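Colleague: Structure incoming, see below.
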Amino acid sequence: MPELPEVETVVRDLRPLLVGRTIAAVEVGERKLRRPWNAAWGPTLIGRTFTVARRRGKWIILELDDDRRLVVHLGMTGQFTVADVALVRPDHLHLSFALRGGEAELRYRDIRRFGSVELFPDEATVVAYLGAKLGPEPFDIPAEPFAAAVRGSTRNLKALLLDQGLIAGVGNIYADEALFLAKLHPTTRGCDLTAKQVKALREAIPTVIERAVAGRGSTIRDYVGGSGLRGEYQNELAAYGRTGEPCLRCGTPLAMLRVAGRSSHFCPACQKASLT
DNA sequence: CTGTAATCCTGCGAGC
DNA sequence: TGCTCGCAGGATTACA
């Protein structure tokens with residue numbers, strides 16, 4: 001569910017609630033996550049303090065004072081929040097980390113269990129793991145390598161945008177939003193873009209992501225930030241989920257197409273299939 | 001290298 | 001009301 005803006009919002013929310021706090025207890029649910037939590041990890045975390053909360057692509061990294069890192073992916077329905085222990089334990093809660101002081105706990109909830117929470121021994125192993133699969137963040141996409149990758153590929157633009165190895169953090173919502181902003185059709189092949197169009201695409205991505213971060217992400221269904229608040233950007237979306245509704249630029253009803261295995265929303269009038 | 005489909009899961013809305 | 005079907009912010013794998 002969550003893409004870069006949602007994950008960034010979770011991290012920003014968690015940071016002031018977690019940094020400096022010490023783990024007092026760890027509780028583990030019965031059901032397995034996509035990449036299962038190792039039962040041996042829990043006891044070793046007691047007494048450890050969170051020092052840093054950060055993000056890389058759609059991954060959350062929580063650093064501990066012994067150099068280890070909790071690495072979390074929210075999958076489609078993951079929720080990572082600090083909640084008052086007095087609040088009723090929700091269903092689908094898989095992990096909870098009680099914080100010293102007694103009044104709050106860090107909770108990992110995930111209905112579909114596509115997400116994961118794992119412990120890494122140090123930064124080097126995290127870099128080895130994530131670095132191998134993630135490209136640059138949307139805010140610093142290097143112009144030349146990006147242009148070469150796009151124009152050298154016969155893959156369609158939707159598939160390229162969803163490729164975490166090309167750019168980290170873009171998912172189905174913001175891929176559609178970026179293509180709408182750049183006036184590009186999701187099925188257009190990378191190799192069919194002009195230099196100008198590649199530039200428009202490269203610039204549209206951070207623009208869209210930045211706006212969504214400012215709006216605390218989009219809550220379509222399950223997503224909530226680190227303090228349990230819903231996002232607000234779903235109301236600002238120009239393409240995603242607006243099939244049949246008028247294009248905000250030209251009024252033409254938006255269309256929907258299955259591209260790269262995902263539903264893709266676009267304006268058939270201002271996002272023409274490649275003709276250059 | 002491509003694209004497509006299936007897989008991992010649960011829940012919800014649409015349609016009958 | 002109850003049923004089935006299809007779909008959902010992701011990532012990986014198998015196969016044509």
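Computed from the coordinates by the stated procedures, all read-outs in this text should not be read as laboratory data. Predicted, not measured: the structure shown is a model, and the values here were computed from it. Every residue, glycine among them, receives a Cβ derived from its backbone with ideal geometry; neighbour counts consider all protein chains shown.
Colleague: In the range A:214-237, what count of residues is obtained for those that are crowded, with 19+ Cβ neighbours inside 10 Å and among the hydrophobic types (A, V, I, L, M, F, W, C)?
Modeller: Within the range A:214-237, residues that are crowded, with 19+ Cβ neighbours inside 10 Å and among the hydrophobic types (A, V, I, L, M, F, W, C) number 2.
Colleague: Test A:V82 against the criterion of being hydrophobic (A, V, I, L, M, F, W, C), closer than 17 Å to A:E8 by Cα and touching a helix residue (DSSP H, G or I) at 6+ places or on another chain (Cβ under 9 Å), and give yes or no.
Modeller: Yes.
Colleague: Output the residues belonging to the range A:71-115 that are surrounded by fewer than 21 Cβ atoms within 10 Å (Cβ to Cβ), farther than 16 Å from A:G42 by Cβ and among the hydroxyl-bearing types (S, T, Y).
Modeller: Result: A:T77, single match.
Colleague: Identify, from the list A:L229, A:L237, A:L254, A:L248, the residue that is touching a His at 6+ places or on another chain (Cβ under 6 Å) and more than 21 Å from A:D140 (Cα to Cα).
Modeller: The unique qualifying residue is A:L254.
Colleague: Please pick out the residue among A:R242, A:R216, A:R249 that is more than 11 Å from DNA strand C (Cβ to nearest atom) and in contact with an Asp or Glu (Cβ under 7 Å, 6 or more places away or on another chain).
Modeller: On inspection, the qualifying residue turns out to be A:R216.
A quick yes/no check of all residues on (1) outside any strand (DSSP E or B); (2) among the hydroxyl-bearing types (S, T, Y):
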| residue | (1), (2) |
| --- | --- |
| A:T51 | no, yes |
| A:I60 | no, no |
| A:R89 | yes, no |
| A:R113 | yes, no |
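Colleague: Here is a further query. Residue under question is A:R35, and the condition is that it be in contact with a helix residue (DSSP H, G or I) (Cβ under 6 Å, 6 or more places away or on another chain), in contact (Cβ under 8 Å) with a residue 40 or more places away in the chain and among the basic types (K, R); does it hold?
Modeller: No: the conditions fail for A:R35.
Colleague: Step by step: first the residues of the range A:191-231, then only those that are of a type in the set (D, E) and touching a helix residue (DSSP H, G or I) at 6+ places or on another chain (Cβ under 9 Å), then the one that is farthest from A:L106 (Cα to Cα). Which residue is that?
Modeller: So, considering only residues that are of a type in the set (D, E) and touching a helix residue (DSSP H, G or I) at 6+ places or on another chain (Cβ under 9 Å), the one farthest from A:L106 (Cα to Cα) is A:D192.
Colleague: So, one more: Restricting to the range A:254-271, name every residue that is within 23 Å of A:D163 (Cβ to Cβ) and either among the charged types (D, E, K, R) or in a loop (DSSP other than H, G, I, E, B) (or both).
Modeller: Passing the criteria: A:R258, A:A260, A:G261, A:R262, A:Q271.
Colleague: Give the residue that is surrounded by the most Cβ atoms within 10 Å (Cβ to Cβ), with candidates limited to residues of the range A:240-276 that are away from DNA strand B (no atom under 16 Å from the Cβ) and of a type in the set (V, I, T).
Modeller: A:T252
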